[in-house]
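Worksheet for the structure shown next.
Rule-based calculations on the coordinates, nothing more; no lab input. From a predicted model like this one, the values you see are computed outputs, not experimental measurements. Neighbour counts are summed over all protein chains in view; Cβ atoms, including those assigned to glycine, are modelled from backbone coordinates with ideal geometry.
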Amino acid sequence: MGNMTLTTVALRYHALYLPIKPEEIDLKSEPTAPVLAFVRRLRENGFCLEESLLHALNAVSADTLAGITQCINEVMGVTLNWAPLVKGWDVPTGETMADHLVTMIANIFGEDAGFRGERLPCGHLIPNGTFPLERYNGCPFCGTPFRTTDYVFRGQGSKLKELRLFTDDDMQQVFFSLLESSTPLDGTQKESLSQLLTVYDVPESARITMKETTMLVIRSLIGKKRDEDATRYLKTPTDVLRYLWFEKTGYVQVIEPKVLIAHAKRLNMHMWLAADQSAEAAAVMKNNLKLKYDRKTCRRVASWLNVTPMSAHQAAENMNPKRGMWVRMIRALRLGEYARRKGFEHLAEIIDVFYKQNYTTWQGHVDKARNNNDATTVFGLLRQRPGLFARCLFSTILRFGTEKTLAAFSEVADELPARLLLSLGNAAEIYFDNRQERFARPIIGGTKQIMPNKLLALYSDDERKAMADAVMDIYKASMRRRFAQLATSHKTMYIDPALFHIPVGVGDRSTTIQDLSCALMGTRFAVEGDAVRLFMQWGKGLPAQHLDMDLSCRIILPHRTEECAYYNLTCTGAKHSGDIRSIPEMVGTAEYIELSLPELEEAKATHVVFTCNAYSTGALSPNLMVGWMSSAYPMELSEEDGVAYDPSCVQHMVRISEGDLSKGLVFGVLDVAKREIVWLEMPLSGQTLRDVNSGAVMALLERLDKKLSVGELLRMKAEAQHLTLAETADEADESYTYQWALNPAEVSRLLASEKSGEA
């Protein structure tokens, strides 16, 4: 079980884990028969092996090879049902809205009204002269599939993905890089860390700086009955509240109950009132958020708060922003009762100060000074808390001017985490341009437009641009100072050209799981042929039921847009495989869209936006897989049952995590002229493609283009450390390859004050 867990994690880094030491590998060995068979299975799934891994496989058992094969098959979904609704869907069925209307009338009035046709297993009567039933795997009226398949196409991919060897040392290095990441972990990294925590223990020397990572570690320790060890990670009452709420909701951020209830209500709204379940969902969420703890948990939390290193007044101030939640928690955890016990004196003092509100807050002093235009007091207070200074830097510049604000900020800039400085640099240009659309991504999904700060209107275009440039100069100067302080004996550095097209992953955390890679949002994938095939598979492990997920795309043309979706199966350069609204037993179902680049180019299309949505009430189905295939060679499509999936052609694929509460997702944009697909993740809150804001998608693409790239950050490091850039990796003392960038946690080490890279 442990080895399979490690194999699953290793695949995300384009590697295979083997329980072997490098010195045990015989580099002169000949591949055995089981190894040759294993290599053929890998090739069918689109993988090849580096030489050292090929030789290492000779030292493992055939059972181990069979287990790895099974793991890869599960990751690629090859054992699932990939039959869509329409057979040979590259040829349109010719169905129209009139067919649906006539069928609806026939099912209302029945055969007694003179309608003749075929009665399907779902109970619907399909009148003669409407849908060509010989073209369907299920009911064309209700989208219920009757036929499933147990095969996929294999080995058509024109480009194989090379797998390298991961030993235990490599896996522990990944484990430590995730633990010590200086940026918040995305969905893939969180799942990898959670899996690795079941195999490895957290060393006491680990420097865990991210609160969200800490929550995963605490949960692991408590699961192993090591409550006392968790104490060292809980420095403030907010840390305790964060953990309690994480266990309650699954979110590592503290989200107010009213927000979660409102989101549950919104998720379960439906455009057809008969299907609307918003009121019921809100009631269920409210009930689920009721607090009830056993005595063991109450005592554990009381002990954590009692040993907090903060004074009572500091602790009460720390609790103040979530005062309403703390009042409920104190009551549910019986903290008042424990505060009266001997040995819990510090807890008693905290609760006493908190309830009497015998404390002042730092934020209150800042707000008072800001309202009085007292710049000296404001800057004095902000310098005390550099992180909060960074978060209000832009608005402070608009209120008190660039020169004074940045002079005060420069004094504390080097005390800030590099990720915060980088976020400021990336955001400055857009923030100070009052014509730019700004969008935020709430934790619970969707996007919200942010209106420009009204104070921007007081300044001219030149003044606003000067403000943005000044912020960028601050963060670049600070980053150069940080890099210059890192001791190195290296003289040369190699930077893979591909890294100049990958934005540094700060502020754009993805919540989906990537089982085949750890690509950063904004990564570009070159289209290898004339066709791109989108796919979506959902329903794995679920009983047969109505569960309607929709795969769609929007084609942006010079003077109009067209949509390929369940309501429009054929449009310029795109064909849809049919709308499935119910899933078969346990094996799921699939939808596809085929994009023809020659047709899109002839129509002068600029972009194609890929989306998936939950038309049913609720969020996207857990374990839903969505992505695209590309190959220099034509990809097969079955005329018999419509299967069009080949794992060897998969270029990128993501999986919806269990706790993802998005209604929809934009998961990629095809740049037709460049023949490139940009992977991005933009959650949606609507049921259909028509809820996608094209302006928001283009704004996100523009923001990703303007963000500092990994290559630019490395070049900044080379300049600060006086390293010469080498032409090839073999010539360099310090090498940064695309393979290295597959580990975002390793990339984030550039933003920490430690040496990174490959010697």
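Note: relative contact order over region 273-403, using C-alpha pairs below 8 Å and six or more positions apart, is 22 percent.
Between S638, S616, S596, the Cα set farthest toward the positive side of the dipole of region 590-651 (charges on each charged residue's Cβ, about the Cα centre) is that of S616. Distance between the 7 Å Cα→Cβ label points at C122 and E247: 4.5 nm. Estimated from helices alone, the mean residue ellipticity of the chain at 222 nm is -11500 deg cm²/dmol (sum of -39500 (n - 2.57) over DSSP H runs with n ≥ 4, per residue).
Using the Cβ-Cβ distance between D469 and E111 with R0 = 56 Å, the FRET efficiency computed as 1/(1 + (r/R0)^6) comes to roughly 0.15. Taking amide hydrogens as placed 1.01 Å from N in the peptide plane, the amide H of F153 sits under 5 Å from those of Y645, each at least 5 positions away in sequence or on another chain.
All Cα-Cα distances of the chain, cut into 20 Å bins from zero to the largest, leave 14, 45, 33, 8, 0 percent in each bin in turn. Spin-label pair L557-K706: with each label point 7 Å from Cα along the Cα-Cβ axis, the two points sit 3.1 nm from one another.
Show me the chymotrypsin sites (Phe, Trp or Tyr not before Pro) within region 225-313 that DSSP assigns to loop and that have at most 10 other Cβ atoms within 10 Å of their Cβ.
Details: sites: Y233, Y243, W245, F246, Y251, W272, Y293, W304; in loops: Y251, W272, Y293.
Qualifying residues, ordered by number: W272.
Cross-link partners for K342 among the lysines, with Cα-Cα distance under 30 Å and sequence neighbours closer than 8 places in the same chain left out: K224, K225, K235, K248, K290, K292, K296, K322, K356. For V587, the amide hydrogen comes within under 5 Å of the amide hydrogens of G541, counting only partners 5 or more places away or on other chains and with H modelled in the peptide plane. Here M4 and S205 are evaluated by their C-beta separation; at R0 = 22 Å the FRET efficiency comes out at 0.15. Amide H contacts for M536 (H built 1.01 Å from N in the peptide plane; partners 5 or more residues away or on another chain; cut-off under 5 Å): E591. Cross-link partners for K87 among the lysines, with Cα-Cα distance under 16 Å and sequence neighbours closer than 8 places in the same chain left out: K575. One quarter of the convex hull surface built on the alpha carbon atoms of region 69-160 amounts to 8.0 nm², the projected area averaged over directions. If I take R0 = 30 Å and measure r between the Cβ atoms of S303 and T360 in this structure, what FRET efficiency does the formula 1/(1 + (r/R0)^6) give, to the nearest 0.05? Between S303 and T360 the formula returns 0.60.
Beyond 32 Å between alpha-carbons counts as too far, so tell me which of K161/K706; K190/K706; K368/K454; K28/K491; K211/K368; K28/K190 fall in that bin.
Over 32 Å Cα-Cα: K28/K491; K28/K190.
Each residue of region 287-297 was assigned a 3J(HN,Hα) from its phi angle through the Karplus curve 6.51 cos²θ - 1.76 cosθ + 1.60 (θ = phi - 60°); the sequence is 5, 5, 8, 5, 8, 8, 10, 7, 4, 4, 5 Hz, with glycine and proline shown as x.
Please give me, ordered by residue number, the trypsin sites (Lys or Arg not before Pro) of region 278-325 that lie in loop per DSSP and have at most 16 other Cβ atoms within 10 Å.
K290, K292
Restricted to Cα atoms, region 154-278 shows a radius of gyration and a Dmax of 19.5, 57 angstrom. Computed from phi, the 3J(HN,Hα) profile of region 562-574 under the Karplus parametrisation 6.51, -1.76, 1.60 (θ = phi - 60°) reads 10, 10, 10, 7, 4, 8, 8, 6, 9, 8, 4, x, 8 Hz, with x in place of Gly and Pro.
Taking the centroid of alpha carbons for each part, region 650-728 and region 311-383 are 40 Å apart. Each 10 Å bin, from zero up to the one with the longest distance, holds this percent of the alpha carbon pairs of region 73-116: 22, 26, 26, 18, 8, 1. Sparsely packed loop sites in region 71-163 (the trypsin sites (Lys or Arg not before Pro) outside DSSP H, G, I, E and B with at most 10 other Cβ atoms within 10 Å) comprise R116.
Modelled spin labels at D150 and E415, positioned 7 Å past Cα toward Cβ, are 6.6 nm from each other.
Below 8 Å between Cα atoms, with a sequence gap of 6+, how large is the relative contact order for the chain in percent?
Rounded, it is 18 percent for the chain.
Here the 3J(HN,Hα) profile of region 352-368, calculated from phi with Karplus coefficients 6.51, -1.76 and 1.60 at θ = phi - 60°, is 4, 5, 5, 6, 7, 6, 8, 7, 10, 10, 4, 5, x, 5, 5, 4, 5 Hz, Gly and Pro shown as x. Reducing region 580-609 and region 126-190 to their Cα centroids gives an inter-centroid distance of 15 Å.
In Å, what Kirkwood hydrodynamic radius results for region 348-394 from the alpha-carbon pair distances? It works out to 12.0 Å. For region 263-313, averaging the sequence separation of C-alpha pairs within contact (under 8 Å, six or more residues apart) and dividing by the residue count gives a relative contact order of 24 percent. Against the empirical curve 2.2 N^0.38 Å, the C-alpha radius of gyration of region 597-755 lands at a ratio of 1.32.
The charge dipole of the chain, taken about its Cα centre with unit charges on the Cβ atoms of Lys, Arg (+1), Asp and Glu (-1) only, comes to about 3820 debye.
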